[in-house]
Amino acid sequence: MLKSKILAAAIALLIAGSCFADEGIYGGFGGVIGMGLFSDSSKLNDKLSAAGYTKISDYSFGIGGGGGGIFKNVYVGGWGVGFPSQKVDNGRNVLSYSSGMGFFDVGLLVFSTENFCLIPKIGFGGYGKTIQVSASAITNVSFDNILQNPANTTSITFGNIAFEASILSMFKLGMANFGLSAGYIFSPKPSWTVSSVNETSVLGQPETSEHSFYLSLGVYFGSFANGLKQSIKELDSGDNESK
């Protein structure tokens, strides 16, 4: 049901954009993104606290990239961000928690000036997390020992489909465009598995929030034009008159 609603909304955006006149916005851009993500980790932290670990933060900060194109006011693009691992310990073991995500987006340019545009957008993609627990007593371990005794470190992971809704504001300053995005991400509750050949399920698995919120700032390079088709017609007319 949720997937059909997302698909219906995306189709509605594309139809709405196609109704704009030829004087719509055209162009493309790409660049680097810095993102701050909030996701409630209280239930996971309850498990960690019960095992003597310090808590992980609800806030993550990561770097990624993205870009897109605008044709007749319809935006199509994508982005991805990885978040460095957070490390906590309980005096005996060290736990590392990391995550990453990537999305394909469609949107509609609803307002623009010479140096500013506003694009509401929706998207679907993937959201993954990894928890790795290692014995803190491990120091210099040989590769041969790791091959013979891999139980010193255990990793559990999940990868799940996710949906996002956001607003992108683009500001043009000189040769660069700066994009500020605020968004919401929904990722259904996943099933954690042990990172192994047989993908063993984890019993009593950690519970993570289905809801996340983010704020990102991107530096993009690209170009945009108003009424691209009209401009081409005017250039053609000028060439014909000169002949």
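The numbers here are math on the coordinates, done by the rules we state, and not lab data. Note that the coordinates shown come from a computational prediction; the quantities given were computed from them, not determined experimentally. All Cβ positions, even for glycine, are placed from backbone atoms using ideal geometry, and neighbour counts span all protein chains on display.
Between residue 42 and residue 148, the simple label model (points 7 Å from Cα in the Cβ direction) yields a spacing of 4.9 nm. Within the shell of other residues whose beta carbon sits under 14 angstrom from the beta carbon of residue 152, the net charge comes to 0, with Lys and Arg scored +1 and Asp and Glu -1. Residue separation of residue 49 and residue 200 scaled by 0.36 nm, minus their Cα-Cα distance, works out to 51.9 nm of gained length. What is the local net charge at residue 78, summed over the other residues whose Cβ is closer than 14 Å to its Cβ (Lys, Arg +1; Asp, Glu -1)? Counting the neighbours of residue 78, the net charge comes to -1.
Pairs over the 29 Å Cα-Cα cut-off, from the set 72/189; 55/189; 129/172; 121/189; 72/129: 72/189; 129/172; 72/129. Once you reduce region 153-214 and region 64-122 to the center of their Cα atoms, the two points are 10 Å from each other.
Spin-label pair residue 115-residue 169: with each label point 7 Å from Cα along the Cα-Cβ axis, the two points sit 1.5 nm from one another.
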